[in-house]
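Trainee: I am attaching a structure below and will ask some questions about it afterwards.
The values are calculated or read from the model by the stated rules, or taken from the named source; none is laboratory data. Please read these numbers as outputs of a predicted model, since none were measured by experiment. Because the Cβ atoms are built from the backbone with ideal geometry, glycine has one as well, and the counts that use them run over all protein chains shown. Quick note on the areas: whole protein, heavy atoms, side chains included, nothing else; ligands and nucleic acids left out. Shrake-Rupley method; radii C 1.70, N 1.55, O 1.52, S 1.80 Å.
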Amino acid sequence: MLKVESVTKKFSGLVAVKDLSFEIAKGQIVAIIGPNGAGKSTAFNLITGTLKPTWGKVTINGHDITGMQPYRIVTRGVARTFQTTSLFDQLRVIDNLMIAYKWRTKLGFWNTLLHLPSWKRYQERAFARSIEVLEFLGLTAKANNFIPTLSQEEQKRLAIGVAIVSKPQLLLLDEPTGGLIQDETDRITELIRKIRDEQGITVCIIEHKMQMIMGLADRIVVLNYGEKIAEGSPEEIKVNPDVIEAYLGGELNA
Amino acid sequence: MFTKPIHTKLLLGFLFIAALFLPLYVPDSYMFQIVITSLLFAIATSSMNLILGYTGQASLAHGAFFGVGAYVVAIMTKAGWSFWIALPVSGLVATGIGFFIGLFAFRTRGHFFAIVTLCFGVILFQVAENWIEVTGGQNGIFGLDSATPIPFPFFGPIEFSSQPAQYYLVLAVLLLTLFVLHRVVYSIFGLTFMAIRNNEELADALGINTFATKMVSFAIANFIAAIAGGIYATILGAVSPSAISIMITFNFLIFLILGGMATLPGAVIGAFMIPIIMEFLQFMENYRMLFFGALLVVVIIWFPMGFFGGLKTINQKIIAWRQSNTSEDSNA
Amino acid sequence: MELFLQQLFNGIMFGSTYAIVALGLTLVMGILHIPNFAHGHLYMLGGYITYFFITNLGFGYWYSLLLSMVILGFVGVVMERIVFRPLTGQPPINAFIAAIGALIFLESLALVIWGPQGMRIPNPHPQIIKMFGITMEAQRLLVVGGAAVLIVLLHLFLKKTTTGTTIEAVAQNREGAMLTGINVNRVSSMTFFISSATAAVAASFLSPIFILSPAMGAVLGMKAFIIVILGGMGSVPGAILGGYFLGLIEALGGGYISAEYKDVFAFGALILVLSIKPTGLFGKQEG
């Protein structure tokens, strides 16, 4: 489904991502791992259009999306979350979700001003889908809450919900459990699995927590110094000597 | 999704009736004039609220668009056009100029956007001052007729030369403006404006074309500002460069900040109350602006949401407090 | 040719003023990341303070200039403390609005004390000098020379003294400087002192030539802003070069194209540059 071909990104001479190629097949959960500064987030930003690749190509279902603006890439079915939990903290929970659904509708100035039938239809559709996602997240009771009243875990769940409300084909998660304790991490892991199984969304995830990734991912791509050093199933990655060296041993067995 | 509680509806109904009967209680024509211009400022400030308060883009060209509206109406009615044609044209001209400015200005963000729009505003002022053949230069254009009467079957034409007629005209436009803004703000379409104000990068990542959305907000705001300016010109019967100066923008800014940014009533309260307060502070002469300048600083530091925003925050705190109480109950 | 030289000289003279004012502003903006939109109004106030000492108290020109410098420096410190410091961490738009409040306050203050009509400081150096076929008052030459000296002194201060290097370090990288344990609040106060004091000098240099008015700060403040944005926030060479550049564009554009639209050239240049490079000519690249 997603195909990354020899993508390279240079920042004023420094190579952040070098000749990166990998593929994500429909229905998989793929993890991108690597030590700090390995270029994982940069790779995400290159796929979602936040950064433009120096060269290389990104395609989704055969359509070239290289260098497109982020808002256009979303409409091709690629949604993302950010490392630092990003929500509209001045708005309510339900507003956050409806905003994310908006591009699926044809809501504009004139139908909003005149309350045309199309306006009513789209508003209702956005609302219904948002409520559906809230139920899926288990946050229905908080629909009218303002964001700062949510717990950290609730905010992380909602950020994922905001990304899937518009029914993307591929969801990119940037450290979705960062800063959470074990119990909370387990619940988020469960949520990610449910997103794949129940919503039919392919998932690509950046994580540090090895144990979680080994249990969750179908395939793993390992980056180090901006280059792919290994790719394979969790079992293959666990015994790969290059990976063990990059992590200075130990951590993988944790 | 966006329904109002019953007591708010009652209050709004009461205010509407009070506004209808206001002309009966205005002491003299001087005060009436101030009330009418305050309502005009309320229209322009409300529209500034859309771009600055709701969309988070500090357009400092807003007063200039007000002035553009005033000049277009003055030039066209002087050339013999009907006011009712000149007025929408003035809105369209301002929207067009705004679109051109936006092409440049929306490439920048934050302070830079404010500076670029300010520069465009000053350029428009200088054009008004120096393009003498069209704008009359420093003297401006004067001797304008009041709005063209509307022929009305059975009752005869509605004329706009008397103050009450002008008052109802301005009140109607204000209500129409608030209706438009209300529809926009309380919708998913309007939520995208607030999304951009809150976190532009996230809005972009969620499929919102931020450039186009800001442009639409800017266009609506500029159109309404020009309409207010156009009516201002006919009511005063004259227009001069002072109608397009940076002080107009600063005045709107004061009304908006003190009244309450990002709330529909705040802009109206600010624009309606402050000119009247200024009138009562007449004895202070130039000290008034000294006072309002200092007040602007105090309010933005201590009460950034202004007068109405303060009321709203208290209300939200109560709601949040209730929410946290009920959620504790459900956890138990 | 003579017209050209005359315009060139005028351009350099205005450019000197712009350079000094922009220099103060770039330090403030680089350090606090807030737009001190009232900087031009501090300049205006500096001119009036000098005027006050000369005309009302009968002080000499140079004493008045020195006093104006010190007094305005403290005005700047007070402004930073009560207007801008409480707003650190707030949305940037709030600081901008506060600055507009401050400038309305300063302009009204001048209006209340000195009235709307223009004032002129008696010219302390009215001698006429002829050079390269152009004639000029000695005061104009003083503006050019004095500005150059001031710029060199400021440059030495920023490069050679510990205080100066600290200020420049904070201006270029506030977060990094905080990590190294620099007291950013103290640096902010100091920077506001220097930037306001230099604005007072610029105003004192120029006001014997042009009349003082409460409204004169607005346009100058905008131009200083334009220079700072084009030259890069916090960049000292950017402000100096930008200042002279703008002075020359205006003098030549005003002399050869249109005197009425003189100010439009500056704004036009800004709009053009920002629309091509939204972070400014030498602005830091984001992302």
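Trainee: Please find, among A:24, A:73, the residue that is more than 10 Å from chain B (Cβ to nearest Cβ), of a type in the set (Val, Ile, Thr) and buried (at least 19 other Cβ atoms within 10 Å of the Cβ).
Mentor: A:24
Trainee: Same structure again: Given the options C:219, C:273, name the one that is in contact (Cβ under 8 Å) with a residue 12 or more places away in the chain, within 12 Å of chain B (Cβ to nearest Cβ), open to solvent by 10 Å² or more (accessible area, probe 1.4 Å) and closer than 30 Å to residue C:127 by Cβ.
Mentor: Numbers: C:273 fails: closer than 30 Å to residue C:127 by Cβ.
Criteria check complete, one pass: C:219.
Trainee: Could we say that residue A:88 is in a helix (DSSP H, G or I) and at the interface with chain B (Cβ under 7 Å from one of its Cβ atoms) here?
Mentor: Values: in a helix (DSSP H, G or I): no; at the interface with chain B (Cβ under 7 Å from one of its Cβ atoms): yes.
No, not satisfied.
Trainee: Further question on the same structure: Going by the structure shown, is residue B:115 under 16 Å from residue B:216 (Cβ atoms) and not acidic (Asp, Glu)?
Mentor: no
Trainee: Do the conditions hold for residue B:47, that is, is it surrounded by 24 or more Cβ atoms within 10 Å (Cβ to Cβ), in contact with a helix residue (DSSP H, G or I) (Cβ under 6 Å, 6 or more places away or on another chain) and part of a loop (DSSP other than H, G, I, E, B)?
Mentor: Details: surrounded by 24 or more Cβ atoms within 10 Å (Cβ to Cβ): yes; in contact with a helix residue (DSSP H, G or I) (Cβ under 6 Å, 6 or more places away or on another chain): yes; part of a loop (DSSP other than H, G, I, E, B): no.
The answer is no for residue B:47.
Trainee: Another question, if that's okay. Any idea which residue in the stretch A:94-105 is surrounded by the most Cβ atoms within 10 Å (Cβ to Cβ), counting only those that are of a type in the set (A, V, I, L, M, F, W, C) and more than 7 Å from chain B (Cβ to nearest Cβ)?
Mentor: That would be A:97.
Trainee: Among the residues that make up the stretch A:38-53, is at least one of them open to solvent by less than 30 Å² (accessible area, probe 1.4 Å), more than 30 Å from residue A:152 (Cα to Cα) and modelled with pLDDT of 90 or more?
Mentor: Looking through the stretch A:38-53, at least one residue is open to solvent by less than 30 Å² (accessible area, probe 1.4 Å), more than 30 Å from residue A:152 (Cα to Cα) and modelled with pLDDT of 90 or more.
Trainee: Given the conditions (1) within 10 Å of chain A (Cβ to nearest Cβ); (2) open to solvent by 50 Å² or more (accessible area, probe 1.4 Å); (3) not aromatic (Phe, Trp, Tyr), report the number of the one that residue B:149 does not fulfil.
Mentor: (1)
Trainee: Mind counting the residues in the stretch C:109-137 that are open to solvent by less than 40 Å² (accessible area, probe 1.4 Å) and at pLDDT below 80?
Mentor: The total comes to 2.
Trainee: Something else about it: Wholly within the stretch B:80-170, which helices (runs of 4 or more DSSP H) include no fewer than the required count, namely at least 2 residues that are in contact (Cβ under 8 Å) with a residue 60 or more places away in the chain?
Mentor: B:83-105, B:110-130
Trainee: Say whether the condition of being crowded, with 20+ Cβ neighbours inside 10 Å, facing chain B (nearest Cβ under 8 Å) and within 25 Å of residue A:157 (Cα to Cα) is met by at least one residue in the stretch A:106-121.
Mentor: Checked against the condition, which is being crowded, with 20+ Cβ neighbours inside 10 Å, facing chain B (nearest Cβ under 8 Å) and within 25 Å of residue A:157 (Cα to Cα), the stretch A:106-121 yields no hits at all.
Trainee: Still on this model: Pick out the one residue from A:246, A:254, A:230 that is exposed (fewer than 15 other Cβ atoms within 10 Å of the Cβ) and either in contact with an Asp or Glu (Cβ under 6 Å, 6 or more places away or on another chain) or modelled with pLDDT under 85 (or both). Give the steps one after another, and end with the answer.
Mentor: On the way: A:246 fails: exposed (fewer than 15 other Cβ atoms within 10 Å of the Cβ); A:230 fails: exposed (fewer than 15 other Cβ atoms within 10 Å of the Cβ).
Sole residue among the options that is exposed (fewer than 15 other Cβ atoms within 10 Å of the Cβ) and either in contact with an Asp or Glu (Cβ under 6 Å, 6 or more places away or on another chain) or modelled with pLDDT under 85 (or both): A:254.
Trainee: If you take the residues in the stretch B:186-204 that are touching a residue at least 40 places away in the same chain (Cβ under 8 Å) and open to solvent by less than 10 Å² (accessible area, probe 1.4 Å), which one is nearest to the other protein chains (Cβ to nearest Cβ)?
Mentor: To start, the set of residues in the stretch B:186-204 that are touching a residue at least 40 places away in the same chain (Cβ under 8 Å) comprises B:186-187, B:190, B:193-194, B:196-198, B:200.
When the remaining residues are screened for being open to solvent by less than 10 Å² (accessible area, probe 1.4 Å), the result is B:187, B:190, B:193, B:196.
Details: B:187: 5, B:190: 7, B:193: 10, B:196: 10 Å.
Per the stated criteria, the residue is B:187.
Trainee: Would you be able to say whether some residue in the stretch B:19-27 is in a helix (DSSP H, G or I), closer than 28 Å to residue B:162 by Cα and within 20 Å of the chain's Cα centre (by Cα)?
Mentor: yes
Trainee: So which residues in the stretch B:251-283 are surrounded by fewer than 23 Cβ atoms within 10 Å (Cβ to Cβ) and out of contact with any Phe, Trp or Tyr (no Cβ under 6 Å at 6 or more places or on another chain)?
Mentor: Answer for the stretch B:251-283, where residues must be surrounded by fewer than 23 Cβ atoms within 10 Å (Cβ to Cβ) and out of contact with any Phe, Trp or Tyr (no Cβ under 6 Å at 6 or more places or on another chain): B:264, B:272, B:273, B:275, B:276, B:277, B:278, B:279, B:280, B:281, B:282, B:283.
Trainee: Would you confirm whether any residue within the stretch C:68-77 is crowded, with 24+ Cβ neighbours inside 10 Å and within 12 Å of chain B (Cβ to nearest Cβ)?
Mentor: The answer is no; no qualifying residue exists.
Trainee: If you don't mind, there's one more thing I want to ask. Scan the stretch A:144-184 for residues that are surrounded by fewer than 16 Cβ atoms within 10 Å (Cβ to Cβ), within 14 Å of chain B (Cβ to nearest Cβ) and more than 30 Å from residue B:316 (Cβ to Cβ) and report the count.
Mentor: Residues in the stretch A:144-184 being surrounded by fewer than 16 Cβ atoms within 10 Å (Cβ to Cβ), within 14 Å of chain B (Cβ to nearest Cβ) and more than 30 Å from residue B:316 (Cβ to Cβ): 1 in total.
This table checks each residue for (1) among the charged types (D, E, K, R); (2) closer than 23 Å to residue C:14 by Cα; (3) assigned to a helix (DSSP H, G or I).
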residue	(1), (2), (3)
C:74	no, no, yes
C:85	yes, no, yes
C:108	no, no, yes
C:129	no, yes, no
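Trainee: Evaluate the following for residue C:93: is it within 12 Å of another protein chain (Cβ to nearest Cβ), assigned to a helix (DSSP H, G or I) and without any contact (Cβ under 8 Å) to a residue 12 or more places away in the chain?
Mentor: Taking the combined requirement at face value, the residue satisfies it.
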